[in-house]
Amino acid sequence: MLYSKDKFKAEWPTIELMGRNSLVAVHGKAHTQVHNFVTNAINRPDALNRIVALVQPRMVAALQSWAQMDKIKARFETQKMTFENIGKLFFSKEPGPFLHSLDKLYQDLLLGVRAYPINIPGFAYHHALQCRRKLDDFFWIEIDNRKNKDKVETIDLMDGLMQIEDDDGDKLSDKEVVDNIVSLVAAGYLSTSLASTWAIYLLAKYPIEENMAFRKGSPEDFITPKDVLNLKYTNKVVEEVIRMANLIQPFQE
């Protein structure tokens, strides 16, 4: 009884910002349907291999560019890199001014998530609602563009959401797709970037032999899944960061 999802619902404080059709708001069969898709799209071994192959060159390039700077704001740079990776994986957008503008909309949207829901100009929640409407406009246009293309291959998370079917063969409505892509980006953005910032900081401050071993190879060589399995201490550091990092803090600034 205490485990009942109907009696003890996990909801975000401001559902209007995430969308009433999103994974964080719906329950029961609708929740299970989208949750299973997202899990398969992100957490399965074949999906992880695909994500690593796409993300790792970008991360290496970012780290190399940081090495050329006298000083960096690690949190800012990691946050930027995280959103660029999300943009590519979730809706196939490359780094540039447009993606930067979406980044800013999401930052302001997330500032309203923990704010008191006062919908009056000058309050964070009011501004967050305005950002949400602008994000809606972008994703509605993106859906229309994709529908007008002769393409059946799933190349990103948004494509996958548009192609989900239930047992009766019914697909998600356009509104459900928009609510879910907006909320999935929001849920994975600042939390991922903050945890990554702490992991990078701790591993750089306390270098260990298993990390240094990778420097013996060619700079063009990327880490493989087999290599990751051998990083026993590094994995423990990352797990501890995820456990200890305060993921609530960014919403309160």
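The values are calculated or read from the model by the stated rules, or taken from the named source; none is laboratory data. The structure displayed is predicted, hence computed values, not measured ones. Because the Cβ atoms are built from the backbone with ideal geometry, glycine has one as well, and the counts that use them run over all protein chains shown. Side chains are part of the model used for accessible areas, which takes the heavy atoms of the whole protein and leaves out ligands, DNA and RNA. Shrake-Rupley method; radii C 1.70, N 1.55, O 1.52, S 1.80 Å.
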Worksheet item: Somewhere in the stretch 60-70, is a residue in contact with a helix residue (DSSP H, G or I) (Cβ under 8 Å, 6 or more places away or on another chain), modelled with pLDDT of 90 or more and of a type in the set (Ser, Thr, Tyr)?
Response: no
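Can you confirm whether LEU194 is surrounded by fewer than 18 Cβ atoms within 10 Å (Cβ to Cβ) and either touching a Lys or Arg at 6+ places or on another chain (Cβ under 9 Å) or closer than 30 Å to PHE76 by Cα (or both)?
Working: surrounded by fewer than 18 Cβ atoms within 10 Å (Cβ to Cβ): no; either touching a Lys or Arg at 6+ places or on another chain (Cβ under 9 Å) or closer than 30 Å to PHE76 by Cα (or both): yes.
So LEU194 fails the test.
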Discussion item. Take the conditions modelled with pLDDT of 85 or more, touching a Leu at 6+ places or on another chain (Cβ under 6 Å) and either closer than 29 Å to GLN163 by Cβ or loosely packed, with under 13 Cβ neighbours inside 10 Å (or both) and apply them to PHE90. Does it pass?
Written reply: yes
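Take VAL60 and decide whether it is under 22 Å from SER173 (Cα atoms) and in a helix (DSSP H, G or I). Outline the logic, then answer.
On the way: under 22 Å from SER173 (Cα atoms): no; in a helix (DSSP H, G or I): yes.
No; evaluated as a whole, the condition is false for this residue.
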Discussion item. Is it the case, given these coordinates, that MET1 is modelled with pLDDT of 85 or more, open to solvent by 70 Å² or more (accessible area, probe 1.4 Å) and over 30 Å from LYS134 (Cα atoms)?
Written reply: no
Worksheet item: Inside the stretch 125-167, can you point out the residues that are under 16 Å from ASN36 (Cβ atoms) and either of a type in the set (Gly, Ala, Ser) or open to solvent by 80 Å² or more (accessible area, probe 1.4 Å) (or both)?
Response: GLY160, GLU165, ASP167
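Please list, ordered by residue number, the helices (runs of 4 or more DSSP H) wholly in the stretch 153-253 having 1 or more residues that are on the phi < 0 side of the Ramachandran plot and at pLDDT 80 or above.
Numbers: elements: 157-163, 174-205, 209-212, 225-230, 232-244.
Hits in the stretch 153-253: 157-163, 174-205, 232-244.
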